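Q: The following block contains the structure, expressed as C-alpha cells.
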C-alpha cells in the first residue's frame, strides 16, 4: 500500500469503541471485569475526526488514552445530563490542557437552562472543588433542540431525536461516508406501541447502540423509569432494518456471567447482536460490507 493509499483508507475509516457500558452507577469488582464497570462513554472515529458520545466514568479512561496523543480535539455529544452520563467530566484531563479543543453539545436543556450552566453546577462547591472555568477557552458549549441536524464537518452530519426519559434525552444518528451509527440511550418504550421517532432515526443504519437495561419481566415493574429492554431493542432493529445491534447501558446488577447468558440468547434471536464490552471496537465499514 502506498502512502497516499494509506491516507485514503485512514480518511474513510469509521470505528466505534466502547469506554463505558454501564448504566446508573459505576460497578467495579470481580463480577464485572470482562464487560466493564464504567458508565456510558462511546468513542466514534470518522476518518481523522473524533466524536465522543456521553461523559460517564468511561470518559476518564478515554482521556488518559488521549493524553498520549499530543494535542487533541473532539466533539462530545451528550444524550442528557443525568449524573451517570456526565460524571467523567471533572476527571477528563485533556479538557484542562491548553492546545486541546472540545465542543460539547446537548439538545435537551433549552429553554429552562443551558449546558454550560448545568456542567457548572456539577463542577462547583460543595460538589467538586475545581470549577468549570478551569477548562478555559479550549472547551465550548453548544445547546440545540432535539430534532435539529448538526453539521460537524463537511463529511459528518448528525441527526437527532427526542427520547422518552425523565428530564428528556436525545438520540443521535452519525452519518459519515455513506454509512451511519445510532446511539439510543436513555429511553423508555410503551408496551404494544412503536416509538416512530426512534424507528425513523435508526432505519437502515449499520449499527444501533441501544438502552437494554431491563428485560421484559423487569420492565413490567419499572415502566416509567426511562429505560428499555433488550427484547424491545431487537424488535426495533428488525422493524427498522438495522444491520447490527449493540445492547448497552447494562443494569448495575448484571454480572459478567449474566451478560454472557444475555449475549447468547440475543444472538440466537437475532444473529450478530452483541452485548457491548469496555474496550470493544467495531469497524463500521466491515459491517456495511
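Readers should treat all values here as calculations from the given coordinates under stated rules, not as data from a laboratory. Since the structure is predicted, the reported quantities are computational estimates derived from the model, not experimental observations. All Cβ positions, even for glycine, are placed from backbone atoms using ideal geometry, and neighbour counts span all protein chains on display.
Q: First measure r as the distance between the Cβ atoms of residue 281 and residue 125, then evaluate 1/(1 + (r/R0)^6) with R0 = 41 Å and state the FRET efficiency to the nearest 0.05. Intermediate values should be presented prior to the final figure.
A: Values: r = 39 Å, r/R0 = 0.95.
Between residue 281 and residue 125 the formula returns 0.60.
Q: Beyond 31 Å, what share of the Cα-Cα pairs of the chain remains, rounded to the nearest whole percent? Present the calculation step by step, with values, prior to reporting the outcome.
A: On the way: 9691 of 41616 pairs.
Of all Cα-Cα distances in the chain, 23 percent exceed 31 Å.
Q: Restricting to segment 134-289, compute how many DSSP beta bridges are antiparallel as a %, nearest 5.
A: Values: 16 of 28 bridges.
Given both bridge residues lie in segment 134-289, the antiparallel proportion sits at roughly 55 percent.
Q: Multiply the residue separation of residue 11 and residue 148 by 0.36 nm, subtract the distance between their alpha-carbon atoms, and state the gained length in nm to one decimal.
A: Values: separation 137, 0.36 × 137 = 49.32 nm, distance 2.63 nm.
Stretched out fully, the residue 11 to residue 148 stretch lengthens by 46.7 nm.
Q: What order do you get for 200-211, 272-283 when each peptide is scored by the mean count of other beta carbon atoms within 10 Å, highest first? Could the numbers behind the result be given before it?
A: Numbers: 200-211: 22.6, 272-283: 17.4.
Top to bottom by mean Cβ count within 10 Å: 200-211, 272-283.
Q: I would also like to ask the following. Can you give the calculated 222 nm mean residue ellipticity of the chain, where each DSSP H run of n ≥ 4 adds -39,500 (n - 2.57) and the sum is split over every residue, rounded to the nearest 500 deg cm²/dmol? Walk me through the numbers on the way to the answer.
A: On the way: 8 runs with 69 residues, N = 289.
The helix contribution divided over the chain gives -6500 deg cm²/dmol.
Q: Same structure, new question: Starting from the Cα of residue 196, step 7 Å along the direction of its Cβ; do the same at residue 34; then give the gap between the two resulting points in nm.
A: Simple spin-label model gives 4.2 nm for this pair.
Q: Take every Cα pair under 8 Å in the chain that's 6+ residues apart, average their separations, divide by the length, and report that relative contact order as a whole percent.
A: Values: 655 pairs, mean separation 51.9, N = 289.
Taking the mean separation of contacting Cα pairs over the length of the chain, I get 18 percent.
Q: While we're looking at this one, here's another question. Whole angstrom only: what separates the Cα centroid of segment 167-208 from the Cα centroid of segment 215-250?
A: Using only Cα atoms to place each centre, the spacing works out to 11 Å.
Q: Highest first, please rank the peptides 127-134, 233-240 by the mean number of other Cβ atoms sitting within 10 Å of their residues. Intermediate values should be presented prior to the final figure.
A: Values: 127-134: 12.5, 233-240: 18.5.
So the peptides 127-134, 233-240, ranked by packing, come out 233-240, 127-134.
Q: Once fully extended, how much extra length lies between residue 49 and residue 256, figured as 0.36 nm per residue of separation less the alpha-carbon to alpha-carbon distance? Don't jump to the answer; show the numbers that get you there.
A: Working: separation 207, 0.36 × 207 = 74.52 nm, distance 3.25 nm.
So the extension gain works out to 71.3 nm.
Q: Take the Cα atoms of segment 107-250, find their three principal axes, and give me the spread along each one in whole Å, biggest first.
A: Projected onto its principal axes, the Cα set of segment 107-250 covers 45, 42, 25 Å.
Q: As a test, work out the antiparallel percent of DSSP beta bridges whose residues both lie in the chain, rounded to the nearest 5.
A: Counting DSSP beta bridges with both partners in the chain, the antiparallel share is about 50 percent.
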